[in-house]
Amino acid sequence: MKKRKARHRKGRGSSSSHVGVSRKWPITLAVLFSTLLVLYMIYTGEIVRSREADAETFTRVYAQVQRGLTSQEPGAELAALTNLQGLLVELGVPFVVTSEPGGDYNTSVNLPFSVSDPPTPDDVERILAYAEELDARNAPVGDPASQLVHYGITPEAARLRWMPVLWATGLLLTLLLAVTVFRYQRRTAAEQAWTAMARELAHQLGTPISSLQGWVEVLGLDPGQRPGRMPQVEIANAIGEDLVRLERVSRRFELIGRDPELRRVSLQDVVAELRAYMEVRLPRLGPGVALHVDVPLDLPDVKGHEVLLTWALENVVKNALDAMAGTGGAITISARASEGRWVLLRIRDTGPGVPFEIRDRLFDPGVTTKSGGWGVGLTLTRRIVEGVHGGRVEFLDRGDRGVTFQARLPQAVEA
């Protein structure tokens with residue numbers, strides 16, 4: 001694996017340009033929802049104020065009725081009725097009074113349009129047409145043999161009646177937009193993940209294939225011209241190692257998207273295999289980097305898949321090597337049994353750490369600071385630990401240099 005130069009600093013993670021754009025969608029949705037919430041609060045406030053005003057008017061109406069009923073003064077009832085009529089007019093409800101049975105115009109108040117005083121014949125015609133509109137909404141009240149009162153609703157009520165429709169429409173549009181954005185982001189993330197997976201596959205296959213091509217060229221030389229006069233047995237062993245590597249890579253990627261059978265796995269064996277594989281390559285992948293292992297002999301087995309677990313740990317270790325490229329340091333793999341039948345596996349390095357701005361997106365696909373990186377290694381690790389094994393992988397902030405990744409894996413159940 002070639003060393004990759006970081007864009008800003010050595011470490012893990014950086015976001016692609018589309019990530020910044022996708023993060024604007026939640027802000028947009030939040031603004032829309034906040035706008036709807038403000039409109040709803042205004043609507044509720046208008047209702048409260050309208051009901052308070054109606055309560056005051058109704059109280060004054062009640063007072064006038066009581067005054068007319070209890071007063072002993074001559075003409076008190078007529079005065080009370082006159083005052084009562086004025087209070088009802090203050091409510092703002094439009095009234096049109098017609099004489100029956102002919103339906104002739106009598107009087108009107110609170111009309112939504114202006115008329116002359118007294119009304120002209122054209123005004124009367126317009127008022128009677130408006131009375132028909134009111135009757136279409138509310139049945140007139142009164143004595144059909146003498147007069148009828150045609151009524152509507154106040155201007156405030158007319159405005160408020162549309163608020164629920166507007167609020168519901170806005171909420172529906174917000175939900176539709178949220179669903180559209182969510183589906184778009186999922187599709188984009190899936191496309192990005194598949195692209196990164198294809199690049200990672202090509203990358204992992206490229207190393208053993210290149211090695212095999214080199215061995216084929218060596219075999220094409222005369223025995224005396226081969227480097228170090230290597231015998232065919234040694235060349236065959238090297239080719240066999242590359243073929244094993246190819247077979248391992250193919251096994252790993254064919255397991256993606258499947259539900260592999262989980263069995264009892266010894267983390268000691270997994271870590272030992274990873275250690276043997278990495279120590280041979282440390283001089284080339286991470287010169288000056290030491291690999292330490294701290295796994296107790298009595299560590300409980302875990303329920304898992306050995307191939308996938310090895311792949312998950314290898315991704316984290318290689319990520320740490322890339323972060324410490326050219327600086328040296330140490331990588332420590334440790335494991336301990338935990339309460340609740342879990343095993344905690346930690347991989348700690350002494351590298352430069354993780355930039356603060358990408359810590360919350362460290363496991364997202366495509367997040368990398370390496371100019372040649374695909375940002376898929378930690379994504380695969382999380383998928384393996386959480387999606388396949390039902391565990392949890394997380395980044396532990398130490399507050400200083402270095403990074404610690406912790407994987408929580410379920411212990412194997414005793415037979």
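For the reader, a short list of remarks on this structure follows.
- Relative frequency of Cα-Cα separations exceeding 23 Å in the stretch 64-182, percent: 52
- Applying 1/(1 + (r/R0)^6) with R0 = 22 Å to the Cβ-Cβ distance of residue 266 and residue 346 gives a FRET efficiency near 0.80.
- Residue 147-residue 327 pseudo-label distance in nm [points 7 Å out on the Cα-to-Cβ vector]: 9.3
- Anisotropy class assigned to the stretch 133-178 is prolate, per the alpha carbon gyration tensor with a/c at or over the 1.5 cut-off and a/b larger than b/c.
- Extension gain, residue 33 to residue 156: 0.36 nm times the residue separation minus the Cα-Cα distance gives 41.8 nm.
- Taking label points 7 Å from Cα along the Cα-to-Cβ direction, residue 338 and residue 41 give a separation of 4.1 nm.
- Extension gain for residue 125-residue 392 works out to 88.3 nm (0.36 nm per residue, less the C-alpha to C-alpha distance).
- Gain in span if fully extended, residue 188 to residue 89, counting 0.36 nm per residue against the direct Cα distance: 29.5 nm
- For the stretch 94-142, size of Cβ-based charge dipole, Lys and Arg +1, Asp and Glu -1, in debye: 180
- At an R0 of 41 angstrom, the distance between the Cβ atoms of residue 52 and residue 259 translates into a FRET efficiency of 0.05.
Since every read-out is calculated from the coordinates, none of them should be taken as a lab result. From a predicted model like this one, the values you see are computed outputs, not experimental measurements. Cβ sites come from the backbone with ideal geometry, for glycine too, and all protein chains shown count toward neighbours.
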